[in-house]
1. Any idea how many residues of the stretch 79-97 are within 30 Å of SER50 (Cα to Cα), surrounded by 15 or more Cβ atoms within 10 Å (Cβ to Cβ) and among the charged types (D, E, K, R)?
2. Exactly one of these conditions fails for GLU159: (1) open to solvent by 90 Å² or more (accessible area, probe 1.4 Å); (2) within 29 Å of SER44 (Cβ to Cβ); (3) at pLDDT 95 or above. Give me its number.
3. What are the pairs, 6+ residues apart or on separate chains, where a residue within the stretch 21-45 that is at pLDDT below 90 has its Cβ under 6 Å from a residue that is open to solvent by 40 Å² or more (accessible area, probe 1.4 Å) and of a type in the set (A, V, I, L, M)?
4. Count, please, the residues in the stretch 58-92 that happen to be of a type in the set (A, V, I, L, M, F, W, C) and part of a loop (DSSP other than H, G, I, E, B).
5. I'd like to check something: does the stretch 98-120 contain any residue that is of a type outside the set (Lys, Arg), open to solvent by less than 50 Å² (accessible area, probe 1.4 Å) and assigned to a strand (DSSP E or B)?
6. Against the condition outside the structural domain of VAL49 (by TED's automatic domain parsing), without any contact (Cβ under 8 Å) to a residue 12 or more places away in the chain, exposed (fewer than 15 other Cβ atoms within 10 Å of the Cβ) and on the phi < 0 side of the Ramachandran plot, how does ASP132 come out, does it pass?
7. Based on this model, can you work out whether LEU124 counts as modelled with pLDDT of 95 or more, open to solvent by less than 90 Å² (accessible area, probe 1.4 Å) and either more than 18 Å from the chain's Cα centre (by Cα) or within 20 Å of ILE30 (Cβ to Cβ) (or both)?
8. Just one of (1) touching a strand residue (DSSP E or B) at 6+ places or on another chain (Cβ under 6 Å); (2) in a helix (DSSP H, G or I); (3) not acidic (Asp, Glu) trips up LEU22, so point out which.
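The values are calculated or read from the model by the stated rules, or taken from the named source; none is laboratory data. The model shown is predicted, which means the values in this text are computed figures rather than measured ones. All Cβ positions, glycine included, derive from the backbone under ideal geometry; neighbour counts span all protein chains shown. For the accessible areas, the whole protein counts, side chains as well, though only heavy atoms, and no ligand, DNA or RNA atoms are used. Shrake-Rupley method; radii C 1.70, N 1.55, O 1.52, S 1.80 Å.
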Amino acid sequence: MKKIYSVWVENRFGVLSKVAALFARRSYNIDSLTVGETQDKTVSSMTIVSSGTTHTLEQIEKQLNKKLDVIKVRTYAEDKAILREVILIKIKYVSAERRELMEICEFLKADIVDTSNTHMVITLCDTPERVDNLISMLRKFNIVELTRTGTLAMPKCSEAD
C-alpha cells in the first residue's frame with residue numbers, strides 16, 4: 001500500500017536530514033521524495049511517497065506531525081490528487097532508429113530537448129505511470145543515462161478552494 005504525504009516545513013538548514021532520519025530510524029521506506037520552496041520563501045514543501053502496511057503508514061503521519069519543524073502534514077489518495085514526475089533520458093541511437101524514437105516521443109507527448117547525430121535527450125512531465133511507460137518503450141534502445149524527479153502532488157481543484 002502507498003501513501004502520499006505533503007509536508008510543509010520551515011525552510012531551514014537540516015530539516016530534510018531530520019525527516020530522512022525519522023524514516024531511517026524506524027526503517028520506513030521512502031519511494032519518492034521531492035523538496036522545494038513554496039510561495040512563501042520561509043516554507044518548503046516536501047512530497048513523500050511511502051509504502052508499507054496500513055499501520056506503518058499511519059505511524060509515519062503521526063511521527064511527521066511530532067517534528068518541531070513541521071508546519072502541516074496532509075495526505076492524499078492518488079485519485080484525489082494531481083501527480084507529476086519529470087524525467088530526462090539520454091539515448092544513443094543509430095540513424096535508422098531516429099524516426100521510431102521521434103514517433104514514441106510524439107505518441108507519449110515527450111519532448112526532445114537536445115540532439116546530435118548519435119544522441120538524443122528526451123524529457124517528459126507526466127504521471128508516474130506514464131513516465132514508467134516511456135522508460136519501458138525506450139528500453140530497446142541504448143539508454144545512456146536516466147534521471148527522474150520524485151513525485152510532486154497537489155490536491156485536485158474543488159469548489160471549496
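1. So the answer is 3.
2. Only one criterion is unmet by GLU159, namely (3).
3. Hits for this filter: zero, empty list.
4. We begin by selecting, within the stretch 58-92, every residue of a type in the set (A, V, I, L, M, F, W, C); these are 60, 64, 68, 70-71, 73, 77, 81-83, 86-89, 91.
If we keep only those that are part of a loop (DSSP other than H, G, I, E, B) as well, we get 68, 77.
So the answer is 2.
5. Within the stretch 98-120, one or more residues are of a type outside the set (Lys, Arg), open to solvent by less than 50 Å² (accessible area, probe 1.4 Å) and assigned to a strand (DSSP E or B).
6. Working: outside the structural domain of VAL49 (by TED's automatic domain parsing): yes; without any contact (Cβ under 8 Å) to a residue 12 or more places away in the chain: yes; exposed (fewer than 15 other Cβ atoms within 10 Å of the Cβ): yes; on the phi < 0 side of the Ramachandran plot: yes.
So ASP132 passes the test.
7. On the way: modelled with pLDDT of 95 or more: yes; open to solvent by less than 90 Å² (accessible area, probe 1.4 Å): yes; either more than 18 Å from the chain's Cα centre (by Cα) or within 20 Å of ILE30 (Cβ to Cβ) (or both): no.
Considered against the rule, which asks whether it is modelled with pLDDT of 95 or more, open to solvent by less than 90 Å² (accessible area, probe 1.4 Å) and either more than 18 Å from the chain's Cα centre (by Cα) or within 20 Å of ILE30 (Cβ to Cβ) (or both), LEU124 comes out as no.
8. It fails just one condition, (1).
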